[in-house]
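Beneath this line is the structure, given in structure tokens, with notes to follow.
We did not get these values from a lab; they are worked out from the coordinates using the rules stated. Owing to the predicted nature of the structure, the values given are computational and were not obtained by experimental measurement. Virtual Cβ from ideal backbone geometry, glycine too; neighbours counted across all protein chains shown.
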Amino acid sequence: HDYAPPSAPQGSVAAGAGTVSGSASGTVSKMAESFYCPISMELMNDPVFAADGHTYEREFIEEWFQTKTTSPLTNEPLAHKLLVPNHNLRSQIQEYRDSTSAQNAAR
């Protein structure tokens with residue numbers, strides 16, 4: 001399959017998310033993209049792994065599973081609907097939130 005996951009629409013929150021000034025801005029911006037749920041395009045609070053290996057916001061993937069048994073990104077059937085917390089990503093998102101809050105407070 002020649003499938004490319006959907007990208008954030010121009011002007012959406014996720015499209016420019018995580019951009020900060022400084023030499024590491026490109027790295028931070030790319031990293032911050034993984035902090036957004038590919039279903040809702042919102043910053044995740046409770047990231048979970050699904051059977052497709054991708055991470056989603058728990059609320060939105062559970063809603064997806066109410067009517068579907070496929071991956072939201074690939075549309076391939078999933079082996080199961082078990083969701084596993086992504087503790088590492090949750091910690092990174094919290095650090096990201098803390099750093100952006102500190103930057104905004106300094107302005």
Surrounding net charge for residue 41, when Lys and Arg each add one and Asp and Glu each subtract one, Cβ distance under 14 Å: -4
Please compute the net charge surrounding residue 59, taking Lys and Arg as +1 and Asp and Glu as -1 over other residues with Cβ under 10 Å from its Cβ. -4
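Near residue 94, within a Cβ-to-Cβ distance under 15 Å, what is the net charge of the other residues, with Lys and Arg +1 and Asp and Glu -1?
Working: positive: 90, 97; negative: 46, 57, 95, 98.
For residues surrounding residue 94, the net value is -2.
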